[in-house]
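*Asks:* Mind looking over this structure? Questions follow.
The values are calculated or read from the model by the stated rules, or taken from the named source; none is laboratory data. As the structure is a computational prediction, the values presented were derived from the model and not from experiment. Quick reminder, even Gly has a Cβ in these numbers, built from the backbone with ideal geometry, and neighbours come from all protein chains shown.
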Amino acid sequence: MMRLISALAFSLLLASCAERMHWSERAAQDRIMLVRETPPTLGYRRLAFQAGSHPDLSKFLSNKGRPDFIAETSTDDRQYLILYYLGPEKAYACRSWRGQPNTIEFAGPYPITSKEADVLRELKRTSADSADTGIAAGRVLIP
């Protein structure tokens, strides 16, 4: 009986994790997200998940450092991630294929225009301290 309860609890845990991961991917779809560790933003959590799924991305981040912002989008069979670095005003594009976690391609760096950099800096400057509101949560409110 105890074995059955343990198996059921484990199954529920896996289901809840899968649901959260699916929600997280949907929440990140077609959004520019601030990457901040404390408090952890949606962008930070998505970047950590992607780096855990793609060892080459983890190596890239070890070499280049954590970006200030990321953007995520996808198609049926591909996932795209853009990494924005405000210091050097550069961006990198990453492309991966669903079902092939060890395969990821990088392109760039691409220059970020001064206007784009100014907008991102302002978003970063005015981001709330809470990870659940505004750009920190992957939402932009435009007046």
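*Asks:* What residue, among those in region 46-72 that are at pLDDT 95 or above and in a loop (DSSP other than H, G, I, E, B), is surrounded by the most Cβ atoms within 10 Å (Cβ to Cβ)?
*Replies:* Pro67
*Asks:* Please enumerate the residues belonging to region 116-139 that are buried (at least 16 other Cβ atoms within 10 Å of the Cβ), among the β-branched types (Val, Ile, Thr) and modelled with pLDDT of 90 or more.
*Replies:* Listed by number, the list is empty, since nothing qualifies.
*Asks:* Something else about it: Between residues in region 86-98 that are in contact (Cβ under 8 Å) with a residue 24 or more places away in the chain and closer than 13 Å to Arg66 by Cα and residues that are buried (at least 17 other Cβ atoms within 10 Å of the Cβ) and among the acidic types (Asp, Glu), which pairs lie under 8 Å by C-beta distance while being six or more apart or on different chains?
*Replies:* Cβ pairs passing all conditions: Leu86/Asp68.
*Asks:* Answer with yes or no whether Gly43 is at positive phi and either free of Cβ contacts under 8 Å to residues at least 40 places away in the same chain or part of a helix (DSSP H, G or I) (or both).
*Replies:* Working: at positive phi: no; either free of Cβ contacts under 8 Å to residues at least 40 places away in the same chain or part of a helix (DSSP H, G or I) (or both): yes.
For Gly43, the condition - at positive phi and either free of Cβ contacts under 8 Å to residues at least 40 places away in the same chain or part of a helix (DSSP H, G or I) (or both) - is not met.
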